[in-house]
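The values are calculated or read from the model by the stated rules, or taken from the named source; none is laboratory data. The shown structure was predicted, so the numbers you read here are calculated from the model rather than taken from an experiment. Cβ sites come from the backbone with ideal geometry, for glycine too, and all protein chains shown count toward neighbours. For accessibility, only protein heavy atoms count, side chains too; no ligands or nucleic acids. Shrake-Rupley method; radii C 1.70, N 1.55, O 1.52, S 1.80 Å.
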Amino acid sequence: MSTYREHYSVSSHDVDINNNIKPSSLARLMQETANHNMRDRRPTYEGLFDNGQSFIATRILYELVDQIHQYDEIDVHTWATRGKAATFVRCFLAKRGDEVVARGYSEWAVVNIYTGKLCRTDEIDLSEYEFDEPLEMNIPLRFTLPKDIEYVTCGKHQVMFSEVDRNMHMNNTYYLDMVWNYVPDVEKKKMTSFLIRHRAEAPLGSEIEIKRAKAAEPIDTAGGATESYIFKTVVNGKTNIEVVISLADI
């Protein structure tokens, strides 16, 4: 397997009250490794940005095989894999020693930040990146929400300066904690998987309306989940993100 690897020590700030890694912390370990990969290969993030192009997350799936704790020593592997049309694919694998503790599968678009036009995969040369076959995940990346789902509004959130990236939109990792905060009895739960679909961006200063529904049955059964929640957020009348988060009791 041809992968790019970084080593991390999980800090005390990365875990919740149960000493389990927070959803946002897991995402940042994965994505920071991808950022390092782009730093050390061509095209770099800076090179793309200077050319008026930027990677934008469209769909991301994280699965926890085993909970990750404070001061765990983690190796995170990442690699590009085959995409199609305007969809770029990147995979992640986190290991504690020889034990796989988490997996990730993500789809991205490369957007012209001036025109909004999407770039095709054959227009961006990623041949210097580590490249391998895609991971097989326990649950599908693509999901169809039930049409009769009944949401309840559970909160609102204003996008603050500390949450936006260089595109001036809320960074995708911040959504994870925002949603996690609205899981009922979250202090008694542990995450088994987190699937997020980005539909529209949340600019700095915008207000996000957060809606929640409980799935009729757990979606991530392979990960040991006992329940799943579906979230939808709305910004300026448009669907912002759709999320399926699966959990087990502690």
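The listed residues are THR173, THR115, and the only one of them that is among the hydroxyl-bearing types (Ser, Thr, Tyr) and either in contact with a Ser or Thr (Cβ under 7 Å, 6 or more places away or on another chain) or within 20 Å of THR239 (Cβ to Cβ) (or both) turns out to be THR173. Could you check, for the stretch 189-205, whether at least one of its residues is surrounded by fewer than 20 Cβ atoms within 10 Å (Cβ to Cβ), within 17 Å of ASP14 (Cα to Cα), among the polar types (S, T, N, Q) and under 17 Å from the mean Cα position of the chain (by Cα)? Scanning the stretch 189-205 turns up no residue that is surrounded by fewer than 20 Cβ atoms within 10 Å (Cβ to Cβ), within 17 Å of ASP14 (Cα to Cα), among the polar types (S, T, N, Q) and under 17 Å from the mean Cα position of the chain (by Cα). Within the stretch 61-73, being assigned to a loop (DSSP other than H, G, I, E, B) and open to solvent by 10 Å² or more (accessible area, probe 1.4 Å) holds for VAL65, ASP66, GLN67, HIS69, GLN70, TYR71, ASP72. Within the stretch 17-60, restricting attention to residues that are assigned to a loop (DSSP other than H, G, I, E, B) and without any contact (Cβ under 8 Å) to a residue 12 or more places away in the chain, the residue that is surrounded by the fewest Cβ atoms within 10 Å (Cβ to Cβ) is ASN51.
Table: residues versus (1) open to solvent by less than 20 Å² (accessible area, probe 1.4 Å); (2) in contact with a Phe, Trp or Tyr (Cβ under 7 Å, 6 or more places away or on another chain); (3) not in a strand (DSSP E or B).
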{"position": "ASP75", "(1), (2), (3)": "no, no, no"}
{"position": "ARG82", "(1), (2), (3)": "no, no, no"}
{"position": "VAL89", "(1), (2), (3)": "yes, no, no"}
{"position": "PHE92", "(1), (2), (3)": "yes, no, no"}
{"position": "VAL100", "(1), (2), (3)": "no, no, no"}
{"position": "VAL111", "(1), (2), (3)": "no, no, no"}
{"position": "TYR114", "(1), (2), (3)": "no, no, yes"}
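Taken over the stretch 194-250, the criterion of being touching a helix residue (DSSP H, G or I) at 6+ places or on another chain (Cβ under 8 Å) and polar (S, T, N, Q) is satisfied by THR233, SER246.
Of the residues TYR182, TYR175, only one is open to solvent by less than 40 Å² (accessible area, probe 1.4 Å) and touching a residue at least 24 places away in the same chain (Cβ under 8 Å); which?
TYR175
For the stretch 117-145, the set of residues classified as of a type outside the set (Asp, Glu), open to solvent by 50 Å² or more (accessible area, probe 1.4 Å) and out of contact with any helix residue (DSSP H, G or I) (no Cβ under 7 Å at 6 or more places or on another chain) consists of LYS117, LEU118, ARG120, SER127, PHE131, PRO140, ARG142, THR144, listed by residue number.
Residue-by-condition table, conditions (1) of a type outside the set (Lys, Arg); (2) closer than 30 Å to ASP50 by Cα:
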site	(1), (2)
ARG103	no, no
ILE113	yes, yes
ARG120	no, yes
PRO146	yes, no
LYS156	no, no
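Considering only residues in the stretch 213-231 that are of a type outside the set (Ser, Thr, Tyr), crowded, with 21+ Cβ neighbours inside 10 Å and in contact with an Asp or Glu (Cβ under 8 Å, 6 or more places away or on another chain), the one that is farthest from PRO203 (Cα to Cα) turns out to be ASP220. Could you identify the single residue in GLU209, GLU217 that is over 26 Å from CYS91 (Cβ atoms), without any contact (Cβ under 8 Å) to a residue 12 or more places away in the chain and not small (Gly, Ala, Ser)? None of the other options fit; the residue is GLU217. For the stretch 136-178, give me the residue count where each residue is in a loop (DSSP other than H, G, I, E, B), at pLDDT 85 or above and among the polar types (S, T, N, Q). Looking only at that region, the number is 2.
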